[in-house]
Amino acid sequence: MLEIPDHLFREAEVEAARQGIPLCELVAVALTEKLRKGSGEGKPWMRSFGQLAALKRETARIQSLIDREFGLAASADLV
């Protein structure tokens, strides 16, 4: 047996009516979409996760420039 919270059931009924389709069709479509997306695919940020790994060397280069500049500034403050 499937139990759906009352508030969610009412929202689904309203949405089905808005679309002009039976509630069972709305549920079937929503379930199909959820299962098709699988884990992570429905989260837009997951598509980009790790895409910046190629910039690791550039990030290190920029950080070394920052460290060098701030290191000089810190040592100049001591003088």
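Rule-based calculations on the coordinates, nothing more; no lab input. Here the structure is a predicted model, which is why all the values come from computation and not from measurement. Cβ atoms come from the backbone with ideal geometry, glycine included; neighbour counts cover every protein chain shown.
Structure notes:
- Distance in nm between pseudo-label sites at residue 11 and residue 37 (7 Å out along the Cβ direction from Cα): 1.3 nm
- Positive minus negative residues near residue 16 (Lys, Arg vs Asp, Glu; Cβ under 12 Å): -2
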